Amino acid sequence: MKFTSTKPIVLASSSPRRKELLELAGLDFTVKPSYVDEDLPYTPKEPQLYAVRLSEMKAEAVYANSAGSIVIAADTIVVRNGNVYPKPKNDAQAVEFLMELSGQVHEVITGVTVLSKGKKIQLSSSSQVKFRTLDLALVEEYVRSGDAADKAGAYGIQTEGMLFVESIVGEYQNIVGLPIAQLIERLREEDVIVLEAGAAKHAT
């Protein structure tokens, strides 16, 4: 499939995972990371609003220098018992996070903001993840690989972090970092993107 957009699309993220999901969905876009300070006070009763607000900050930062474009930004958080688990500050904190999540169910929430002239589209998606009871040696080796460093909750479900997961409830792509099906649906509803008829080539 292929979608065309009313204006150039900009992804306000350096995440290779979000980039890959947008590409798989059939969108053409450029990447402009936001580099905003994500140190926003967290309200445990409103984790979805928190994730959306973080995405809005990223979108606004890029949109300020991308007039005439459609800016898509997202932020993913991991929450358990009212506590948010951000990207770890160091390896020791990554190990701490993962051992706290061991054997437990946590929530992965992604907030999304889309900005274009005259439009602000916002949405969020939530998935439940249950971890296996983790082996400390396995956790330490995973952290040493460097994969935990840039991920909320200190793990990636699409990489070796999949070994920690016992089960999930909800959208897998949301856990990866972008609820792509929900996003595409909203963009089509708002006439931001249009399905390009005949773009897909079918084998005969």
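The heavy atoms of SER102 present about 20 square angstrom of accessible area, all protein chains included, probe 1.4 Å.
Could you put ARG53, ARG80 in order of accessible surface area, largest first, with the 1.4 Å probe and the full protein assembly present?
ARG53, ARG80
For segment 57-150, the pair-distance distribution built from all alpha carbon pairs, in bins 10 Å wide starting at 0, is 15, 35, 26, 18, 6, 0 percent.
Between ASP91 and ALA197, the contour length at 0.36 nm per residue exceeds the Cα-Cα span by 33.3 nm. For the pair GLU141 and ASN65, label points projected 7 Å from Cα toward Cβ lie 4.2 nm apart. Helix 91-101 and the longest principal axis of the Cα set of the chain meet at an angle near 90°. Springs between Cα atoms under 10 Å define the GNM used for the chain, and in it the highest mean-square fluctuation of ALA64, ALA74, ALA152 occurs at ALA64.
The distance from the alpha carbon centre of segment 103-163 to that of segment 1-49 is 15 Å, rounded to a whole number. Solvent exposure of VAL169, expressed as accessible area, is near 100 Å², computed with a probe of 1.4 Å over the protein chains only. Largest first, the residues TYR50, TYR172, TYR63 sort by 1.4 Å accessible area into TYR172, TYR63, TYR50.
With Cα atoms as the point set, the radius of gyration and Dmax of segment 1-63 evaluate to 13.7, 40 Å. Here the Debye sum runs over all C-alpha atoms of segment 133-183 as equal scatterers in vacuum, and log10 of I(q)/I(0) at q = 0.16, 0.24 Å⁻¹ comes out as -0.49, -0.94.
In terms of accessible area, using a 1.4 Å probe and ignoring ligands and nucleic acids, MET99, MET162, MET57 rank largest first as MET162, MET99, MET57.
Can you give the Rg/Rh ratio of segment 46-204, where Rg is from the C-alpha atoms and Rh is the Kirkwood radius? It would help to have the intermediate numbers written out before the result.
Values: Rg = 17.8 Å, Rh = 17.0 Å.
Rg/Rh: 1.05.
For segment 1-73, the solvent-accessible area of protein heavy atoms averages 54 Å² per residue (probe radius 1.4 Å; ligands and nucleic acids excluded).
The values are calculated or read from the model by the stated rules, or taken from the named source; none is laboratory data. None of the values given here were measured: they were computed from a predicted structure. Virtual Cβ from ideal backbone geometry, glycine too; neighbours counted across all protein chains shown. Ligands, DNA and RNA are stripped out before the accessible areas are found, and what is left, the full protein with its side chains, is counted by its heavy atoms. Shrake-Rupley method; radii C 1.70, N 1.55, O 1.52, S 1.80 Å.
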